[in-house]
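The values are calculated or read from the model by the stated rules, or taken from the named source; none is laboratory data. Just so we're clear, the structure is a prediction, and the values are computed from it rather than from any experiment. When we count neighbours, we look across all protein chains shown, and the Cβ atoms used for this are built from the backbone with ideal geometry, even at glycine.
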Amino acid sequence: MERNSILDFSRNERKRVKENLFGRVGLVHAKTTSKDDLEELLDSPFEWDQAVAYVYCRKCATMPEINSELAAHLALSGGFLLPESMDCMYFELASCMLCSSETTGIVLKQIE
Ligand SMILES: [Zn+2]
């Protein structure tokens with residue numbers, strides 16, 4: 001079964017995912033449907049006080065806020081170093097733990 005949104009997950013599955021990689025995630029924003037939606041969300045302030053960056057998944061279009069621990073983990077997995085400041089930066093993924101069994105295609109992008 002192809003899953004397209006976090007809303008497709010049962011409570012238990014969401015809990016399981018949360019206990020894995022996404023245990024270090026704050027609010028997961030609703031699915032973005034257009035480039036304008038994405039840009040608007042990237043420009044909006046975080047709702048989680050521990051958040052340092054947004055992550056955007058190209059496959060399922062969910063966009064969680066993440067803390068510094070998960071940012072470091074994503075950078076390590078993606079094989080790059082984190083910049084000193086995450087201001088105006090966000091992570092983009094080809095797939096994530098919510099829509100696939102693994103997180104792939106991790107890149108750091110500048111918010112335009
Ligand atoms: Zn995803």
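Taking region 90-104 as the search range and keeping residues that are over 12 Å from the mean Cα position of the chain (by Cα) and not charged (D, E, K, R), which one is modelled with the highest pLDDT? Quick ask: steps written out before the conclusion?
At the first step, the residues of region 90-104 found to be over 12 Å from the mean Cα position of the chain (by Cα) are 100-102.
Imposing the further condition that a residue be not charged (D, E, K, R) reduces the set to 100-101.
On the way: SER100: 87, SER101: 82.
Among those residues, the one meeting the criterion is SER100.
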Q | region 68-101, residues that are within 16 Å of the ligand (Cβ to nearest atom), surrounded by fewer than 19 Cβ atoms within 10 Å (Cβ to Cβ) and hydroxyl-bearing (Ser, Thr, Tyr) | A | SER77, SER95, SER100, SER101
Q: Could you list, in sequence order, all residues of region 102-112 that are within 12 Å of the ligand (Cβ to nearest atom) and loosely packed, with under 13 Cβ neighbours inside 10 Å?
A: GLU102
